[in-house]
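Report on one structure; see the data block that follows.
The values are calculated or read from the model by the stated rules, or taken from the named source; none is laboratory data. In this text, all values refer to a predicted model and were calculated from it rather than measured experimentally. Cβ atoms come from the backbone with ideal geometry, glycine included; neighbour counts cover every protein chain shown.
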Amino acid sequence: MSTAMNFSSKSFTPRPPDKGAFPLDHFGECSAFKERFMECLRQSGYESAACRQSAMAYLECRMDRRVGQLMANEPLEKLGFKDLINEKSEEKPEKS
């Protein structure tokens, strides 16, 4: 009895994932932000919660660099930074 399957009957067209992966920063456009984030991780004993500001800045850099298409624009609230955005807006005094 043969259990071999014929895979040539259907063609598979790969597509990139919707979220969770993005191109490498080949030109180093955001390497300074990445280094700040990595330094924060080392200093905090790799406690990522302590480095959320650095992570947010790194992701903002990636979204701002549209030339290399490093990351699609996404609201930071959807990326888990809603509380940090609220803190930022509260820090800015309102102009009268």
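What the table below lists for this structure:
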{"read-out": "Of residues in segment 45-73 being small (Gly, Ala, Ser), over 12 Å from the mean Cα position of the chain (by Cα) and not in a helix (DSSP H, G or I), the one surrounded by the most Cβ atoms within 10 Å (Cβ to Cβ)", "value": "Gly68"}
{"read-out": "Flag if Leu84 is modelled with pLDDT of 90 or more and part of a helix (DSSP H, G or I)", "value": "no"}
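One line per residue, one yes/no per condition, for (1) in contact with a Ser or Thr (Cβ under 9 Å, 6 or more places away or on another chain); (2) exposed (fewer than 10 other Cβ atoms within 10 Å of the Cβ); (3) modelled with pLDDT under 90; (4) closer than 27 Å to Asn73 by Cα:
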{"residue": "Phe22", "(1), (2), (3), (4)": "no, no, yes, yes"}
{"residue": "His26", "(1), (2), (3), (4)": "no, yes, yes, yes"}
{"residue": "Ala32", "(1), (2), (3), (4)": "no, no, no, yes"}
{"residue": "Arg36", "(1), (2), (3), (4)": "yes, no, no, yes"}
{"residue": "Gln43", "(1), (2), (3), (4)": "no, no, no, no"}
